[in-house]
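S.K.: Would you mind keeping the following structure in view while I ask a few things?
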Amino acid sequence: MFTGLVAGLGRVVELQRSQDGVRIVVGTPLARELSEGDSVAVNGVCLTAIALNGDAFTAEVMNETLARSSLRDIAAGGEVNLELPLRASDRLGGHVVQGHVDGTGTVLSISDDGFARRVRIGAQEDVMRYVVEKGSIAVDGVSLTVAELDHESFTVSLIPETLQRTNLGKAQAATTVNLEVDVLAKYVEKLIRRSAA
């Protein structure tokens, strides 16, 4: 489990594609805090560190994950948001993020708003149905608050800290991002459906 508070940026230093999936090597000082078999969120996708080498870890991305996430477009040299899993003693500063991406969205527009930056993201209906104004959503693994929404898109506002600490600071129109809705909304929907049946 994660909180959507990105611990740092990593760089994809090696990438191998095959019919079985993709193997990536990510360079980051955070690798020194990992053990083989540990979970790590990469752009909001929960992966497993299968090998460690100093300031780098290796992870495999299976075809199911490639089909559902922006990791299908990952390239060597690209920057990725990284978060280590939540410890029982940690503060829950963001919101509950599982690392199970619900789909992708597309950055539609970006505008400055004082020291902040507003980013409008288009998403499919199966994601948008769980998005509510002032609710939480993870965008590339970053816990954000929805500032406004319509039927096909939502807007988040990024503070300078988020712009500097995450790859969202370099996002442009047409950038594809991973989206994970608040899991509590999905549980509530399921309970309501059961009670209505």
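The values are calculated or read from the model by the stated rules, or taken from the named source; none is laboratory data. Everything numeric here is computed off the predicted structure, so don't read it as measured data. Cβ placement follows ideal geometry from the backbone for every residue including glycine, while neighbour counts extend to all protein chains displayed. Quick note on the areas: whole protein, heavy atoms, side chains included, nothing else; ligands and nucleic acids left out. Shrake-Rupley method; radii C 1.70, N 1.55, O 1.52, S 1.80 Å.
S.K.: Of the conditions (1) under 16 Å from the mean Cα position of the chain (by Cα); (2) at pLDDT 95 or above, residue 152 satisfies every one except a single condition; which number is it?
M.R.: All conditions pass for residue 152, except number (1).
S.K.: Out of segment 171-189, which residues are over 14 Å from residue 106 (Cα atoms) and modelled with pLDDT of 95 or more?
M.R.: Listed by number, the list holds a single entry, 181.
S.K.: Of the conditions (1) at pLDDT 95 or above; (2) surrounded by fewer than 16 Cβ atoms within 10 Å (Cβ to Cβ); (3) farther than 19 Å from residue 166 by Cβ; (4) not aliphatic (A, V, I, L, M), residue 77 clears all except one; give me its number.
M.R.: Against the list (1) at pLDDT 95 or above; (2) surrounded by fewer than 16 Cβ atoms within 10 Å (Cβ to Cβ); (3) farther than 19 Å from residue 166 by Cβ; (4) not aliphatic (A, V, I, L, M), residue 77 comes up short only on (3).
S.K.: Sticking with this one: Limited to segment 148-197, what total is found for residues that are open to solvent by less than 20 Å² (accessible area, probe 1.4 Å) and assigned to a strand (DSSP E or B)?
M.R.: Matching residues across segment 148-197 total 10.
S.K.: Step by step: first the residues of segment 20-30, then only those that are open to solvent by less than 70 Å² (accessible area, probe 1.4 Å) and not hydrophobic (A, V, I, L, M, F, W, C), then the one that is nearest to residue 142 (Cα to Cα). Which residue is that?
M.R.: Per the criteria, the residue is 28.
S.K.: I'm trying to understand the selection: among the residues of segment 1-19, which are of a type in the set (S, T, N, Q) and open to solvent by 50 Å² or more (accessible area, probe 1.4 Å)?
M.R.: Result: 16, 18, 19.
S.K.: Of all residues being under 13 Å from the mean Cα position of the chain (by Cα) and on the phi < 0 side of the Ramachandran plot in segment 121-147, which is most open to solvent (accessible area, probe 1.4 Å)? Just the residue, please.
M.R.: Looking at residues that are under 13 Å from the mean Cα position of the chain (by Cα) and on the phi < 0 side of the Ramachandran plot, I get 136.
S.K.: Go through segment 31-74 and report how many residues are open to solvent by 50 Å² or more (accessible area, probe 1.4 Å), part of a helix (DSSP H, G or I) and in contact with a strand residue (DSSP E or B) (Cβ under 6 Å, 6 or more places away or on another chain).
M.R.: Going through segment 31-74 one residue at a time, the tally reaches 1.
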